[in-house]
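**Q** First the structure, then my questions, so here it is.
No value in this document is a laboratory result; all are computed from the given coordinates. None of the values given here were measured: they were computed from a predicted structure. Counting neighbours? That spans all protein chains shown, and the Cβs are built from the backbone with ideal geometry, glycine included.
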Amino acid sequence: MSVESETLYEPRKRTAETVAGYLSALAVFTSLVGVAWHPLRLILPALLIALVASGMAGKEQRLQFVALMISTVCLFLGLAVAVITNHPLW
């Protein structure tokens, strides 16, 4: 093998990293829905899913970090919206 072919080769992702990406996307979607509808019922499990995804991820943890930050912001935003509009938290 030449040096050029080694630099062009990109190693495959592990299965755990792929599953962690899907879990992160699920956590982001669930958190965004939770802002408008029952924040504690949806966003707290989404935070747990995002934490599990960040534990599963290998070197690529950018999406998992973004999912954690979005879930955290959605939790505070969802609680504030629910209190201001007198909607149930649970």
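**Q** Rounded to the nearest 20 debye, what is the charge dipole size of the chain about its Cα centre when +1 sits on each Lys and Arg Cβ and -1 on each Asp and Glu Cβ?
**A** Charge dipole of the chain: 300 debye, to the nearest 20.
**Q** Run the quick spin-label model on Ala36 and Trp90: label points 7 Å from Cα toward the beta carbon, then report their separation in nm to one decimal.
**A** 2.5 nm
**Q** Report ³J(HN,Hα) in whole Hz for each residue of the range 19-36, in order, from the Karplus equation J = 6.51 cos²θ - 1.76 cosθ + 1.60 where θ = phi - 60°; Gly and Pro get x.
**A** 5, 5, x, 5, 5, 5, 5, 5, 5, 5, 4, 5, 5, 5, 5, x, 5, 8
**Q** Provide the per-residue ³J(HN,Hα) series for the range 49-61, in order, calculated from phi with Karplus coefficients 6.51, -1.76, 1.60 and θ = phi - 60°, each as a whole number of Hz, with x at glycine and proline positions.
**A** Listing the rounded values in order: 5, 5, 5, 5, 5, 6, x, 7, 5, x, 6, 7, 10 Hz.
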